[in-house]
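To start, the structure itself, in structure tokens.
Quick note: the coordinates plus some simple rules give every number you see, no bench work behind them. Please read all numbers here as calculations on a predicted model, not as lab measurements. Note that each Cβ is placed from the backbone with ideal geometry, even for glycine, and that neighbours are counted across all protein chains shown.
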Amino acid sequence: MYDVIIIGSGPAGMAAAIYATRAKLSSIVIDQNYVGGGQVVDTYEIDNYPGLPGISGMDLGDKMREHAEKLGAQFITDLVVRTELTGPVKKVITEKNTYEAKTAIIASGATHRKLGVPGEEEFSGRGVSYCATCDGAFYRNKVTVVIGGGDVAVEDAIFLARACSKVYVVHRRDELRAAKVLQDNLLSLPNVEMCWSSAVTEILDHTPDGESIGKVASVMLKDLKTGDVKPLPVDGVFIAVGITPLSALVGDQLEMNEGGYIIADETGETSIPGVFAAGDVRNKQLRQIVTAVADGANAVTSVERYLLQAK
């Protein structure tokens with residue numbers, strides 16, 4: 001019987017492991033991946049994590065895990081099949097075992113929805129990004145394309161337009177889904193060009209004249225009304241077609257919003273006593289490494305308070 005089981009080894013889970021170990025709580029971290037860091041490891045370069053400008057996502061993930069392991073944190077590589085959280089004993093059932101604890105921290109993260117087009121996976125981190133606030137600074141005075149039509153896509157395009165020489169916005173429809181105030185802001189920007197009723201069908205590492213550069217150089221843009229396809233030279237592709245929280249492992253046990261994010265405030269407290277949420281799986285305003293780390297620390301503080309009250 002552990003004091004706390006932490007599900008997920010991204011920044012939130014790593015921070016929770018560090019704080020739990022320092023608090024002398026018996027704990028384990030369960031994640032299906034051998035490498036810690038979650039989505040961080042897919043980021044080529046991180047420039048907004050305080051004190052470590054320019055570090056690669058893989059290196060940051062490694063450093064976080066090394067820190068946790070140095071303190072004695074225990075990691076288990078296994079796939080969580082389901083959870084039983086409503087009782088006083090929290091059970092996490094994996095493919096290989098069943099683990100029990102007095103509390104649980106759900107730090108399973110989220111995943112960006114993919115376009116599913118050729119070149120997307122190949123050039124992820126080499127011109128393809130899912131986070132403008134994370135990677136936008138690398139495209140100063142360059143040409144980028146944002147794919148999507150919701151609030152996040154429009155916010156990303158506005159953010160990028162501050163630094164990029166040109167921003168294309170590709171949307172499958174002939175009108176945006178974003179809030180009207182965001183639309184008005186976007187459409188007023190002189191360096192933004194809308195590509196209505198269009199879709200990116202392929203991401204390429206060569207320019208229209210055939211020169212291969214080993215990173216994103218252009219996209220194939222299809223006009224959905226005429227069927228015409230043409231190359232569009234760009235330096236970066238920002239995909240903003242949605243994000244999916246990895247909350248299915250808790251089933252319908254916890255209260256969630258319509259997007260599937262676990263409802264929890266800064267304390268991490270969920271609708272079930274003794275169960276806490278941290279990181280991208282939690283409903284919140286900003287999903288960044290720094291906020292995930294803060295969530296992990298807050299969740300452990302809440303665990304300590306819960307265990308003291310339960311005595």
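Dipole of the chain computed with +1 at Lys/Arg Cβ and -1 at Asp/Glu Cβ about the Cα centre; of 273, 179, 8, farthest Cα towards the positive end is 273. For the chain, taking a cut-off of 4.7 Å between Cβ atoms, the unpaired cysteines are 164, 195. Relative to one another, the C-alpha centroids of segment 147-177 and segment 71-112 are positioned 38 Å apart. Segment 268-289 and segment 228-260 have Cα centres separated by 18 Å.
Helix 151-161 and the longest principal axis of the Cα set of the chain meet at an angle near 60°. Rank 49, 32, 19 by how far each Cα sits towards the positive end of the charge dipole of segment 16-62 (+1 on Lys, Arg Cβ; -1 on Asp, Glu Cβ) and give me just the farthest. Of the candidates, 19 comes out farthest on the positive side. Among beta bridges identified by DSSP and lying wholly in segment 128-239, the antiparallel ones come to about 45 percent.
Of all DSSP bridge pairs formed entirely within the chain, close to 45 percent run antiparallel.
Near residue 198: Cβ cut-off under 12 Å, other residues only, Lys/Arg at +1 and Asp/Glu at -1. The net charge is +1.
So if the hydrodynamic radius of the chain is defined as the Kirkwood radius over C-alpha pairs, what does Stokes-Einstein give as its diffusion coefficient at 10 °C and 1.306 mPa s, in µm² per second? Don't skip to the end; give the middle numbers.
Numbers: Rh = 20.6 Å.
Result for D is 77 µm²/s.
Among 131, 164, the order by Cβ neighbours within 10 angstrom, fewest to most, reads 131, 164. Taking a sphere under 14 Å around the Cβ of residue 284 and counting the other residues whose Cβ falls inside, with K and R at +1 and D and E at -1, yields a net charge of -3. Comparing 253, 39, 288 in a Gaussian network model of the chain, where Cα atoms under 10 Å apart are tied by springs, the biggest mean-square fluctuation is seen for 253. For the listed residue pairs 284/311; 114/284; 24/91; 180/230; 90/311; 215/284, the alpha carbons are over 26 angstrom apart in 284/311; 180/230; 215/284.
Quick check on segment 1-119: take the gyration tensor over C-alpha atoms, sort the square-rooted eigenvalues as a ≥ b ≥ c, and tell me if it's rounded (a/c under 1.5), prolate or oblate. Oblate is the answer for segment 1-119, as a/c is 1.5 or above yet b/c matches or exceeds a/b.
Remark on segment 128-239: ratio of C-alpha radius of gyration to 2.2 N^0.38 Å is 1.00. Comparing 177, 126, 282 in a Gaussian network model of the chain (Cα springs below 10 Å), the most mobile by mean-square fluctuation is 177. Using only Cα atoms and rounding to the nearest 10 degrees, what angle (0 to 90) does helix 11-22 make with the longest principal axis of the chain? Between the helix axis and the principal axis of the chain, the angle is about 20 degrees.
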